[in-house]
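Report on one structure; see the data block that follows.
The values are calculated or read from the model by the stated rules, or taken from the named source; none is laboratory data. Predicted model only: the values in this text are computed from it and were never measured. Cβ sites come from the backbone with ideal geometry, for glycine too, and all protein chains shown count toward neighbours. Note: areas computed on protein heavy atoms with side chains; ligands, DNA, RNA excluded. Shrake-Rupley method; radii C 1.70, N 1.55, O 1.52, S 1.80 Å.
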Amino acid sequence: MKKFDLITIGSGGGAKISSPAASMGFKVAVIEKDRLGGTCLNRGCIPSKMLIHPADVAIEIKEAHRFDIHHNPQFTVDFAKLIQRISATVDGDSDKIEASYTKHPNISLFKGAAKFVDDKVIDVNGEQLTADKIIIAVGTRPIIPHIPGLQGTPYMTSTEALRATKLPASMIIIGGGYIACELGHAYGSLGTKTTFLVRSEPLRFEDAEITAEFQKVFGRYHDLHLNAMATHVEYNHNTFTVHYTQNGTSASVSAEALLIATGVSSNADTLDLINTNIEMLPKHLIKVDEYLETTVPGVYALGDCIGNYYFRHSVNFEGEYLFDYMFGGKPKTPIHYPPMPHAVFTHPQVAGVGATEEQLKAHGIDYVVGLNTYKSSAMGMALLSDHGFCKILVDRKTRKLLGGHIIGPEASDMIHMIIAYMNMNATLDDMLRTIYIHPALPEIIRNTARRAKMALDKNVVRV
Ligand SMILES: Cc1cc2nc3c(=O)[nH]c(=O)nc-3n(C[C@H](O)[C@H](O)[C@H](O)COP(=O)(O)OP(=O)(O)OC[C@H]3O[C@@H](n4cnc5c(N)ncnc54)[C@H](O)[C@@H]3O)c2cc1C
């Protein structure tokens, strides 16, 4: 049996611990069954954003007439070249990680699927490895719903949609979460006719006002069917037909491509944890304590497979936290997550941090709302904004920020001011003391804070 100081299963967020530990001289085994770099690099954040940016450019071109710029409205997209460029970039990065691991004197790379045979014994390709410290960072994979007729058809998940080299004329998207919306936005803006079948409503976990605004604007670009349950799929003559029920009636829609984006499921079910004392939670998530340690001392887990959050920035945070106390000499204190932000890279963009208004109501918290639209700001006027707003939620007594939500241009960048304010425990007064550059978009945040102050001054929830 080969013995290491550290074994890491999964080379996504797990690398936040394995790489620096190896650089410090610890003997590290990295086990990875797929390309190096995990979901974010190979089939997630990076290729999706490399596809979405050209989609955003396409929207700018199509809508340039709003700014009195007229051009031949026809434009062509070399989709195959675009996808090949994206794939070559991410594959190149992944290859570089593999090469750096292979030549690293302290890293042993095992390419294969890890399976536990005992609490601290792992089998990979018939070899047995052990270590005092083991990190499980196996991530998730797309869920494939049980829809009769689906199996055996050439449907896509996000993984295939980011590698397909043909832009389909039409696509049905089953799902309404951020991956469904982002990929629908990418394909739709580049020229595919998109039809969404969403079980409830798109981006339903956002603040309800954001969800409503998103639906209104996103619906201008995509055919949205809400409360729609797919019941049966047919695939004939290169065409998908999805039958669905919607508010008690049955209907069907046909398209050249079908994208299934109905969520993700933990890969921990592939680890044979039955052979260990590592306890699982429902949905194959791994149970960890407040130190991200599993029920077996010395075995830790992080990232998507523990289900606290499902972002690359959250797994990075967890990895750095673990590294600090496992190898970095920091004291072992419970993990404390700062407000966890998120963004949806669609048109319109959405971003948020902290509580939604619905959550505050549910917890009986006394709050005020500040809400300001893009169109009522100077830069919003220049952008000819016809949608979008910033909304903040402020604790009436302490005047501290409890949450911030933005929908509209550059929302994923704009939200960083609110993230910083929340991290610094800022009050509404701190927000208003700040000088914002005129006429930059963040002035909308200042205007939003002003609205919240008016509500406070008038002792109402919102003005
Ligand atoms: C289309 C898409 C877009 C996304 N966009 C964003 C975004 O914009 N921003 C954001 O923050 N997040 C985004 N995400 C989510 C983000 O990619 C994940 O939250 C993050 O990558 C999770 O990191 P992880 O380390 O937990 O798992 P992963 O990065 O998935 O790493 C797990 C690794 O473990 C390997 N593995 C699994 N089982 C085994 C086994 N038994 N043996 C050996 N190896 C194994 C897998 O092959 C994988 O490489 C996106 C995801 C998708 C699918």
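Using every pair of distinct Cα positions in the range 348-458, the Kirkwood expression returns a hydrodynamic radius of 13.7 angstrom.
Projecting the alpha carbon convex hull of the range 332-402 along each direction and taking the average yields 7.2 nm². Peptides 102-112, 371-381, 268-278 ordered by packing proxy, namely the average of other Cβ atoms within 10 Å per residue, highest first: 371-381, 268-278, 102-112. Could you check how many percent of all C-alpha pairs in the range 158-262 are farther apart than 21 Å? Counting every Cα pair in the range 158-262, those more than 21 Å apart make up 30 percent.
Heavy atoms of the protein chains alone define the surface here; on that basis the chain has 45 Å² accessible area per residue at 1.4 Å probe size. What separates the Cα centres of the range 211-243 and the range 43-67 is a distance of 21 Å.
Beta bridges assigned by DSSP with both partners in the range 158-262 are antiparallel in approximately 55 percent of cases.
Here the chain is treated as an ellipsoid with the same Cα gyration tensor; its semi-axes, largest first and in whole Å, are 38, 31, 21. Using every Cα-Cα pair within the range 278-349, state what percent have a distance larger than 13 Å. Tail fraction, whole percent: 68.
Summary of packing: across the peptides 362-370, 171-179, the per-residue average of other C-beta atoms within 10 Å ranks them, highest first, as 171-179, 362-370.
Using a 4.7 Å Cβ-Cβ cutoff, the cysteines of the chain lacking any partner cysteine are CYS181, CYS305, CYS390. For the range 384-449, the set of trypsin sites (Lys or Arg not before Pro) satisfying both a DSSP loop assignment and a count of at most 10 other C-beta atoms within 10 Å is given as LYS397. Bridging of LYS400 to aspartates and glutamates at a Cα separation below 16 Å is possible for GLU357, ASP366, ASP429, ASP430, ASP457, once same-chain residues fewer than 8 apart are set aside. Here the range 23-94 has an Rg and Dmax of 18.8, 63 Å, counting Cα atoms alone.
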